[in-house]
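Read the structure below first, then the notes.
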Amino acid sequence: MPARRRQPIPPTDDWQQLELLTNVPEQLTYELIRPVVLFGRSPAERARQTGTPQRTLYRQAARFDADGMASLFAPSATRSPVVPAVIREAIRTLKAEYPAFRPHELATICATRFGHRPSAHTVKRVLAEAPLPLTAQRRFPPYHQIADPAERRLAIIRLHSEGWNIKSIPGYLGVDRHTVYATLQRWINEGVCGLDDKSRARKDGVRKVDLRTMELVLDPQENPELGEFRIHAALKQLGIELSPRTCGRILARNRALYGLPAPTRQLHDSKAMPFKASRRHQYWTVDLRYLDHNLDDGKVYCLSILENYSQGGLRADILTDGEMRLGDTITAAGQSSS
């Protein structure tokens, strides 16, 4: 077939004319950077002539210097598959084994197992190219179905060593995330010795509750109306520091062992205040209270004067062993002054 006769056209450097004469994008790209790569023209000058961004000219000229004419063509035309078949198969198998995997998690596992980390878009493309295996088998059964405690924790260690993250391991094994954290921390601190179960019994040490303390609680417990707070106060006077909750547990244990009666809970009707004021400055009340302190051996008392109508304090005085120190004067509105 004879070649098509071309119509002669005068040579020109006008960019608008060159755009009309080119037929393929690759030829247009070459004509764009030809004065730069062939004659050494400035990319800034060429950008003003063609209206092309200056950064685009710099990038295309650098690509042409590195790859030659191949840089004019689209990357997809010369790109070859970069994901090996074994990695593609591993991605599909992992997705079939645990469908909740996300693309970046699969990419992390591939980087750990094969030393090659595909992008998340590549993982999506691999999953879309072929169907997932229908006969995918679990490598490990659920956590609580593994009989050996050491094998349970070893399954967590193995998955984590392959690149599984803290979110995927609990979802796959059906265990709480805190268990995974605790297992990994024990592996870091103790190694193989941290895989076995450990006793949670209390370690031997000094205990506040002994037989003597329980016997001291048993004597006043003959009165069933004594509660944990009164027992706590009575033991504190003897120099035994126990919390009210601990005293309550001792009382409950004694009732279970010796069949002691439990305190009766009766509802009492609240009595009316005998000196309830119906107007201001009708009744005043004086309250004297002992203050428990650890300052010295002396006794400290608080003397308060209350106005019954507003139920606010007028003044509060501190008395210590015969001497009196004037405290803050408190008005009924809640403001204080010296």
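The values are calculated or read from the model by the stated rules, or taken from the named source; none is laboratory data. Computed from a prediction, not measured in an experiment: that's the story for all the values here. Neighbour counts run over all protein chains shown; Cβ positions are idealised from the backbone, glycine included. Each accessible area value is taken on the protein alone, full model and side chains, heavy atoms only, with ligands, DNA and RNA left out. Shrake-Rupley method; radii C 1.70, N 1.55, O 1.52, S 1.80 Å.
Miscellaneous remarks
- Stokes-Einstein D for region 48-141, Kirkwood Rh over Cα pairs, 4 °C, 1.567 mPa s (µm²/s): 80 µm²/s
- Rolling a 1.4 angstrom probe over the protein heavy atoms with all chains in place gives region 96-145 an accessible area of 64 Å² per residue.
- Fraction of accessible area attributable to carbon and sulfur, the chain (%, probe 1.4 Å): 53 percent
- Take the chain and mark each of the GluC sites (Glu not before Pro) that is in a DSSP loop with at most 10 other Cβ atoms within 10 Å; the longest unmarked stretch, sites excluded, is 1-224.
- Listed by chain and number, the lysines whose alpha-carbon sits under 24 Å from that of LYS95, ignoring those within fewer than 8 places in the same chain, are LYS124, LYS167.
- Cα-based Rg / Dmax (Å) for region 167-283: 25.8, 79
- Take the Kirkwood radius over Cα pairs of the chain, plug it into Stokes-Einstein at 25 °C and 0.890 mPa s, and you get 77 µm²/s for translational diffusion.
- Between helix 25-39 and the chain there is an angle of about 80 degrees, using the helix long axis and the longest principal axis of the Cα atoms.
- Extension reserve of the LEU20-GLU162 stretch, reckoned as 0.36 nm per residue once the Cα distance is removed: 45.4 nm
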